Amino acid sequence: MATGIASGCGQLHLRKPVYLRNSYGNKAHSHSNVILNGTQNQIAWSSWVSNVLRVNRSSYPQCQVIKTNWKSRRGTIKSCQQRDGSVTRYFDFIVIGSGIAGLRYALEVAKHGTVAVITKDEPHESSTNYAQGGVSAVLCPLDSVENHIQDTIVAGAYLCDKETVKVVCTEGPERIRELIAIGASFDHGEDGNLDLAREGGHSHHRIVHAADMTGREIERALLEAVFKNPNVHVFQHHFAIDLLTTQDGSDIVCHGVDTIHTETKEVIRFISKVTLLASGGVGHIYPSTTNPTVATGDGMAMAHRAQAVISNMEFVQFHPTALADEGLPNIPSARENAFLITEAVRGDGGILYNLDMERFMPTYDERAELAPRDVVARSIDDQLKKRGEKYVLLDISHKPREKVLSHFPNIAAECLRHGLDITQQPIPVVPAAHYMCGGVRAGLEGETNVQGLYVAGEVACTGLHGANRLASNSLLEALVFARRAVQPSIDHVNVSRIEHGASSWWPRPIAPMVLGETILNKVICRTREVRKELQSIMWEYVGIVRSTSRLTAAEKRIRELELEWETYLFQHGWEPTMVGVEACEMRNLFCCANLVVSSALSRQESRGLHYTTDFPHVEESERLPTVIFPSQRNSTWSTRQLHAQPIS
């Protein structure tokens, strides 16, 4: 039996992370050296996760039910209350996140068992809901899967996993048809066919969209289906704290997750046979991001603490065109997240100008405004630095008014709300943190090196995006991998049972109410200040253009800030097993920031989204993914699971 000893995870070797690099190519012949604890083993890159996984087919006796809360179509949902009042809920499947990946997966696995969808805020509050552009897929006879594959690989700076790219581009059209069958409504042309848009980096029109609110329509359709499904139970305002893992020899096994209810502050434990992480990205390590406020890297940090392998965290995508509020006639009050101006505006003919109305993109790239996002973001950044300006202008006013308003109603309404008519005036835009191309390393079925743990969506690194994501490939990847993770998850559930007493294997986190309101408010206030300091460091030193000296400075400053913050907490009575929303988000932000900086320091070239002035060129010898393994050294509160904290 697996012991209750937590799978301890320490901080990275920050300057020189343990990493894997290998060239891409034919799956059968593309091998690399995995450097782990000083040993080297030959593993095929495209399928290395699958090769190292060993399915644990232990038979667990059923849990004892103390209190039953409700019934589902396929059986009883078990909710056990301990003598101390703590609550444990039991499900076949746990889904962490309520975006496109989590909901699509939940609808499929619900045919085979009970499902808990755990979401940090309201169910619709996800990055999916804010996605404007659309979903890319080959649905036009003039296009081909080969074209989509080539566009993806070129945009990814030739760092993409070719097998993953082929799988996603091939399966994409069927995933779109499934979405439509579920109830998603996309724009159609006068001929009755889907209206396919074109965006930067795409050689053909292949973007399925619903005006400029595609994500909102997809989220609506999926949530509607989920709420109708009696086997899926949505737990809103439940913040996932840490995965519950055990170690059996060399195997790490995931058994569920601890959560805290963000309103009642109650700690609730979820035990399951399979867990899918679909928790989104980490945009809020930067001060300006298009991501919703929930995107604080919770899934990536939890997985890292649970000893999951992390990959390609240096590749942070900055969207070239977020709305620059200070350029609006009526400046809005401070936003929690930047308002996105979709890639489709440039795809529809939008032109970028500096403040002197000089078009500048053709001087940077022959593809001009249709260049991939990394190119456009760096070009804008260069213009701003050279000219000492704070934003550039994106002009679509030369297009017919009716077309602009029909294609971009949401953008038009937002700008008009602040005094700007996009059919007559250019839009002020500036780059903002948008998407993490790295994440938890996944195999072709969403599997990780942690048994029972699957990943899909932005939290995952599947190899599709390489060094830069092609526009509108993110929703596609989420759909494809959510679907591919279904069958192995079902197989795992069918050979697993939850062991009696499993909930008692780990000490429970505790809410910090015992500290009193005065102390708690001080801790929250200081945590918010530290969060802003971290974001400032990341933007100043780990932004669009980097250098070794600035990355090294960031590493040092982040380490000092993290130590200072943890010391402050513990001096004010905070215990290592205490949990609060602000503190847990902060530990996740620190964890992810360290992953980004250490990964960036390890890449001694400029490729895709990672541009460094010390190594300004692409190096063929560096055309290798970065893979970070956990370390037991120099661990901090942010990099250890709560149930693995030392007893004070």
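Relative to the longest principal axis of the C-alpha atoms of the chain, give the angle of the C-alpha long axis of helix 373-387, reported between 0 and 90° and rounded to the nearest 10°.
60 degrees
Classify region 320-433 as rounded, prolate or oblate, taking a ≥ b ≥ c as the square roots of the eigenvalues of its Cα gyration tensor: rounded when a/c is under 1.5, otherwise prolate if a/b is larger than b/c and oblate if not.
Working: a/c = 1.64, a/b = 1.20, b/c = 1.37.
Because a/c hits 1.5 or more and a/b fails to exceed b/c, region 320-433 counts as oblate.
What does the helix-only formula give at 222 nm for the chain: each DSSP H stretch with n ≥ 4 adding -39500 (n - 2.57), the total divided by the residues, and the result rounded to the nearest 500 deg cm²/dmol? Don't jump to the answer; show the numbers that get you there.
Details: 16 runs with 201 residues, N = 648.
-9500 deg cm²/dmol, from helical runs alone.
Enumerate the calculated ³J(HN,Hα) couplings along region 196-206 in order (Karplus 6.51 cos²θ - 1.76 cosθ + 1.60, θ = phi - 60°), each rounded to whole Hz, writing x wherever the residue is Gly or Pro.
9, 8, 10, 10, x, x, 9, 7, 9, 6, 8
What ranking, highest mean first, results for peptides 308-314, 140-146 when packing means the other Cβ atoms within 10 Å averaged over each residue?
On the way: 308-314: 26.3, 140-146: 12.9.
Packing order, densest peptide first, comes out as 308-314, 140-146.
Carbon and sulfur: what percent of the chain's accessible surface (1.4 Å probe)?
Numbers: 11650 of 23780 Å².
C and S atoms contribute 49 percent here.
Please report the antiparallel percentage of DSSP beta bridges with both residues in the chain, rounded to the nearest 5.
Numbers: 57 of 83 bridges.
The antiparallel proportion sits near 70 percent.
Can you tell me the orientation of helix 473-484 relative to the chain, as the angle in degrees between its alpha-carbon axis and the longest Cα principal axis, to the nearest 10?
It is inclined by approximately 30 degrees.
State to the nearest 20 debye the size of the charge dipole of the chain about its Cα centre, where the only charges are +1 on K and R beta carbons and -1 on D and E beta carbons. All intermediate terms of the calculation are to be shown ahead of the outcome.
Working: 65 positive and 72 negative charges, 357 e Å.
With only Lys, Arg, Asp and Glu charged at Cβ, the dipole is about 1720 debye.
Counting only other residues whose beta carbon sits under 13 Å from that of residue 127, what net charge do I get with K and R as +1, D and E as -1?
Surrounding charge for residue 127 is -3.
According to the square roots a ≥ b ≥ c of the eigenvalues of the Cα gyration tensor, what is the shape class of region 465-544, taking rounded for a/c under 1.5, prolate for a/b larger than b/c otherwise, and oblate for the remainder? Please report the intermediate quantities before stating the final value.
Numbers: a/c = 3.90, a/b = 1.15, b/c = 3.41.
Oblate is the answer for region 465-544, as a/c is 1.5 or above yet b/c matches or exceeds a/b.
Which whole-Hz ³J(HN,Hα) couplings does region 131-141 yield from phi under the Karplus relation 6.51 cos²θ - 1.76 cosθ + 1.60, θ = phi - 60°, glycine and proline marked x?
Calculated HN-Hα couplings, in order: 5, 9, x, x, 10, 8, 6, 7, 10, 10, x Hz.
Taking the Cα centroid of region 281-337 and of region 521-541, what is the distance between the two, rounded to the nearest whole Å?
14 Å
Kindly report the accessible area of the chain per residue (heavy atoms of protein chains, probe 1.4 Å, no ligands, DNA or RNA), in Å². Each step should come with its number before you reach the end.
Values: 23780 Å² over 648 residues.
Per residue, the chain has an accessible area of 37 Å².
Would you mind checking the tilt of helix 145-155 against the longest principal axis of the Cα atoms of the chain, expressed as 0 to 90 degrees and rounded to 10?
In the chain, helix 145-155 runs at an angle near 90 degrees to the longest axis.
Strictly over 25 Å apart at the Cα level, which of 120/273; 385/532; 228/403 would you flag in this model? Don't skip to the answer; put the middle values down first.
Details: 120/273 21 Å; 385/532 23 Å; 228/403 36 Å.
Listed pairs above 25 Å: 228/403.
Arranged from highest to lowest average of other beta-carbon atoms within 10 Å per residue, in what order do the peptides 218-224, 171-177 appear? Kindly include the intermediate steps, with their values, before the conclusion.
Numbers: 218-224: 21.6, 171-177: 18.6.
Top of the packing list down: 218-224, 171-177.
May I ask you to order 615-622, 566-573, 542-549 by the average number of other C-beta atoms within 10 Å around their residues, highest value first? Walk me through the numbers on the way to the answer.
On the way: 615-622: 12.5, 566-573: 15.0, 542-549: 17.4.
Final packing ranking: 542-549, 566-573, 615-622.
Report, by chain and number, residues whose modeled amide H sits under 5 Å from the one on residue 546, excluding near sequence neighbours (fewer than 5 apart, same chain).
Close amide H contacts, sequence-distant or interchain: 611, 612, 613.
Along the Cα→Cβ direction, 7 angstrom out, place labels at residue 613 and residue 334. What is the inter-label distance in nm?
A separation of 2.9 nm, rounded to one decimal place.
Once R0 is set to 45 Å, what does the formula 1/(1 + (r/R0)^6) return for the Cβ-Cβ distance between residue 528 and residue 228, expressed as a FRET efficiency to the nearest 0.05?
Efficiency computed from Cβ-Cβ geometry: 0.70.
Once you put a point 7 Å from the Cα of residue 387 and another 7 Å from the Cα of residue 358, both along the Cβ direction, what distance in nm separates them?
About 0.8 nm separates the two model spin labels.
The values are calculated or read from the model by the stated rules, or taken from the named source; none is laboratory data. In this text the structure is predicted, and so the values were computed from the model without any measurement. Neighbour counts are summed over all protein chains in view; Cβ atoms, including those assigned to glycine, are modelled from backbone coordinates with ideal geometry. The protein model used for the area step is the full one, side chains on, heavy atoms only, and it has no ligands, DNA or RNA in it. Shrake-Rupley method; radii C 1.70, N 1.55, O 1.52, S 1.80 Å.
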